[in-house]
1. If we sort 133-139, 246-252 on the protection proxy, mean other Cβ atoms within 10 Å, highest first, what's the order?
2. Among 124, 109, which comes first, then next, by fewest other beta-carbon atoms within 10 Å?
3. In whole angstrom, how far apart do the alpha carbon centroids of the range 126-146 and the range 89-109 sit?
4. At a Förster radius of 22 Å, what calculated FRET efficiency corresponds to the Cβ-Cβ distance of residue 201 and residue 277, to the nearest 0.05?
5. Rounded to the nearest 0.05, what FRET efficiency is calculated for residue 212 and residue 186 with R0 set to 22 Å and r the Cβ-Cβ distance?
6. Quick one: compute the contact order of the range 99-217, relative version, from alpha carbon pairs under 8 angstrom and 6+ residues apart, as a percent.
């Protein structure tokens, strides 16, 4: 809701007390000058002295700077304009993450995301990540305590193209002293990734790698700090969905007459890959990122 003073919109010179310039209020203004507060939400703005402009007779001019400032004050500023504009800016975002859905293989993820903002709500971009995976203590404990050999893969890298949309925007007041602006977004994309099997008998068999298509879905949030026009802090959860090839069950050390059904030809990584079982896999990563926006500044195209 916007509330305007009709007299101010028409450019009349009447003061806020209702008197004319010839009255007592007008004399006080003429002698002492007028001060207009153009402060922000916390009252830390600057005051502009318009005594000189009034002496020149432009107080009644609807196009004067003093009159425009008075009209701006007539707007309700409880609902502020958006703090951070991203349209036609490039967003470069280094990221660091960790997998959260695999109890047997833990990945640390380092990557970067580059987005170009078509508007303040929509962006297109690319994402690339490197994965550093290793077996967890649970993997080794099951092998030692239960005598079971697990079939597991680790991810090496991924690359994808993405579309981003942020439908929510809000503000958070911190101890009534600072105001943080935030937004929530969703992102969908697709590309390729490479995985590598972890052989059950690592001393006997070499691993094989698979490049496979993948789709991904992300839910995240951005936080804009005060007095910064080109930096934001980001958190999110991204899930990759992809078909992966698993080590064949018959790939083992028992290939003799009294063996357990293991096939000797599967000792070769190529043969093992050709006979691999395919399964739909999920890899979910919680990540943190810092966005740097270029150019470093922006301009509002509408009045407050």
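1. Working: 133-139: 15.0, 246-252: 19.9.
For the peptides 133-139, 246-252, the packing ranking is 246-252, 133-139.
2. Details: 124 14, 109 22.
Sorted ascending by nearby Cβ count, the order is 124, 109.
3. Measuring centre to centre over Cα atoms gives 14 Å.
4. Working: r = 17 Å, r/R0 = 0.78.
It comes out at approximately 0.80.
5. 0.40
6. Details: 241 pairs, mean separation 25.3, N = 119.
Answer for the range 99-217 is 21 percent.
No value in this document is a laboratory result; all are computed from the given coordinates. Note that the structure is predicted; figures quoted are calculated from it, not measured. All Cβ positions, even for glycine, are placed from backbone atoms using ideal geometry, and neighbour counts span all protein chains on display.
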